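Structure provided below as structure tokens; questions to follow.
The numbers here are math on the coordinates, done by the rules we state, and not lab data. Owing to the predicted nature of the structure, the values given are computational and were not obtained by experimental measurement. Cβ placement follows ideal geometry from the backbone for every residue including glycine, while neighbour counts extend to all protein chains displayed.
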Amino acid sequence: MTLRTLLLLTAATIPATAQTVTWAEHIAPIIYNNCTKCHRAGQVAPFTLASYSDVKQRARTIASVTQS
């Protein structure tokens, strides 16, 4: 058995672990648990992050300030 064949057979038996990231299941809980205490109407932050469209509009900024 060649190395290529062995790699193909191994790859075929490994279950796919990739998962589609969704707003409701993955992103919203992070935003709601960490950001909306301040980033909502009537609070101290200068803009809201209460909805998908709010977060989408500021996605690059959010990514920039949260990278560690």
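Please report the net charge: other residues with Cβ closer than 11 Å to the Cβ of residue 35, K and R +1, D and E -1.
Details: positive: 37, 40, 58; negative: 54.
Net local charge, residue 35 excluded: +2.
Å³ per residue of the Cα convex hull, for segment 20-66?
Numbers: hull volume 3.6 nm³, N = 47.
Residue-normalised Cα hull volume stands at 77 Å³.
In addition: First measure r as the distance between the Cβ atoms of residue 18 and residue 47, then evaluate 1/(1 + (r/R0)^6) with R0 = 35 Å and state the FRET efficiency to the nearest 0.05.
On the way: r = 33 Å, r/R0 = 0.93.
So the FRET efficiency works out to roughly 0.60.
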